1. What residues of region 200-244 lie in the reach of a label at TYR9, counting those whose backbone N is under 20 Å from a point 7 Å from the Cα along Cα→Cβ?
2. Among PRO5, MET172, TRP228, which residue has its Cα furthest toward the positive end of the charge dipole of the chain, with +1 on Lys/Arg Cβ and -1 on Asp/Glu Cβ?
3. Return P(r) of region 186-249 (all Cα-Cα pairs; 10 Å bins starting at 0; whole %; ordered from short to long distances).
4. Would you mind getting me the FRET efficiency between THR292 and LYS469? Use the beta-carbon distance for r and R0 = 51 Å, nearest 0.05.
5. Jot down the radius of gyration and Dmax of region 33-315, Cα atoms only, both in angstrom.
6. How big is the gap, in Å, between the Cα center of region 275-295 and the Cα center of region 79-144?
7. For an R0 of 35 angstrom, estimate the FRET efficiency from the Cβ-Cβ distance between GLN118 and LEU317 and round to the nearest 0.05.
8. Provide the FRET efficiency to the nearest 0.05 for the GLU28-ASN204 pair, computing r from the beta carbons and using R0 = 35 Å.
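Please treat every number below as a calculation from the coordinates, not as lab data. Quantities reported herein were computed from a predicted structural model and do not represent experimental measurements. Here the Cβ positions follow ideal geometry from the backbone for every residue, glycine too, while neighbour counts run over all protein chains shown.
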Amino acid sequence: MNFVPGEKYKAFEPINLPDRQWPSKVIEKAPIWCSVDLRDGNQALIEPMGHERKLRMFRHLVSLGFKEIEVGFPSASQTDFDFVRYLIDNNEIPDGVKIQVLTQSREELIRRTFEAVQGAKEAIVHLYNSTSTLQRRVVFDMDREGIKQIAIEGAKLVRQLADEMPETKIQMEYSPESFTQTELDYACEVCGAVMDIWKPTPDNKIIINLPATVEVATPNIYADQIEWMHRNLPNRDCIILSLHPHNDRGTGVAAAEFGIMAGADRVEGTLFGNGERTGNVDVVNIAMNMYTQGVNPELDFSNINEVVRTVEYCNQLPVHPRHPYGGELVFTAFSGSHQDAIKKGFAALKQANAELWEIPYLPIDPQDLGRSYDAVIRVNSQSGKGGVAYLLQEDYGIELPRMLQVEFSKVIQKITDETGKELSSSFIYDVFTEEYLEAKGDLSFVNHQTTVDTHASERRVLSANVVYKGEEKTVEGSGTGPIDAYMSALKSSIGVDLSVNDYREHTTGFGADAVAVAYVEMRKPDGTPVYGVGRHANIVTASLRAITSAVNRAAN
Ligand SMILES: CC(=O)SCCNC(=O)CCNC(=O)[C@H](O)C(C)(C)COP(=O)(O)OP(=O)(O)OC[C@H]1O[C@@H](n2cnc3c(N)ncnc32)[C@H](O)[C@@H]1OP(=O)(O)O
Ligand SMILES: CC(C)C(=O)C(=O)O
Ligand SMILES: [Mg+2]
């Protein structure tokens, strides 16, 4: 790359704000949210939404708790105009929800916009014109005064038309579009000129919306710009200061968060960040970030799958599987050490019966978004014992002892390395069944009987029916308990030379469905461990099956 620093691109000038306050501020409450999915999001779609998709999106936004929804650019298209009329004429706008409509600062467009909102109880009329140095030069070919006059003329007409429509409570919003590329003193001057016309009061505030129309600098610069405006705008108590970040540099969420810390009251954005180019700021992301900090976001994303479905249907664009909070894979760990830590985290949380969510690699409880734990751990060649054990435990109630986890994970690793594929929980269970519960070999256990040794009451005599090398046999032995007795029976009748090193059991299921699972670790004469697992409603039968499993596996 022939790159000469500063030749084609130059750095954004830092903002002179040495006493900036925002870096030490903490977000403690949700801003006013305004969804612009139906306008900014919609204008960026390959195929803009038709009536049916718009209505579905609108109803969904209402159900999520948005109180301000920019429903379109009614002067731009008949579809948008008709949609606004439909909402009003069909009483689709619940009390407490304000629709917002955008217009350029041009007379015919402003008049048409007011026609669109006629009869609504409340509406926000959002007026904009671009103020940046670049747009002044290349788009408008006007000086600062000329551009200010566009804003003033538009503001006057908005004021007049709002006054002529007393049945609708009109709230006014002004955006110096491309604000972040506008000199701050000039942006303030233009906003001040608009305010002089609209004459807001603390009881009748206007919205001043400061867009990062194109994100051109690091998010701290946006925060400085917002704090500067927050401190310098006239009559700040008459203003709702609003953010409208885009995401060209991929830092729209950070910019919005810093902007709130810098004094903003309101955020305009879209679900999952749909919008022109790399999108608008993602409202789901900011809101759920707040949620994970213990701040009520005042939006309800407790059924995130439904939000994803609606957005994908309305926008006809997919939500990326790794998209924060909503993506299909964001609550899934494939890598072994993550799985191990998650499994231990769940166990620790359960044991402590704690309220505070603390699970490694899971910054939020998937259930808070209506997602289950089913997909939290998925197994492929990057996975380890923890993940495999987690799936067997969660889906089949099998609590593998640690050493068995290590051994079985090698069996699974071999398969994932050979296939290169993800393995489902049911496949892993089938492998486990074949490997341990139904381990193939010369010996099959059929049934048993135990009695007290007539010569020593602390000892047990066990008689077991088995099939050995295809032949039915009854084997007998005595010991301190059934396991010991069965081992002695196998040794004397078929020459099994193994010793029991460790034994564990647990039950799984409840009541009549309860089943015991027994795990036995045996040692060969040379000390090599070999494991067996048995399962049965009867605990003794389960343990004898576990021994049978180990005997067969030792011979393989
Ligand atoms: C950053 C944003 O997202 S802003 C919103 C952008 N959204 C959209 O543009 C989607 C909807 N827009 C449209 O459908 C069309 O642009 C319309 C219907 C609004 C207007 O269409 P047209 O009048 O045909 O043309 P166009 O948009 O190209 O108009 C540009 C003219 O308006 C002027 N203009 C652009 N923005 C503004 C504004 N906010 N205020 C006043 N004048 C403006 C331009 O200087 C240009 O003037 P010129 O014709 O004298 O050169
Ligand atoms: C109309 C304005 C607010 C806009 O969408 C932008 O500047 O990005
Ligand atoms: Mg925008």
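1. Counting only backbone N, you get 212-223.
2. Going by the charge dipole, the pick is PRO5.
3. Bin by bin from 0 Å, the calculated values are 21, 51, 24, 5.
4. The computed FRET efficiency comes out at 0.25.
5. Just the Cα atoms of region 33-315 yield Rg and Dmax of 17.6, 50 Å.
6. Here the answer is 24 Å between Cα centres.
7. Efficiency, rounded to the nearest 0.05: 0.60.
8. 0.85
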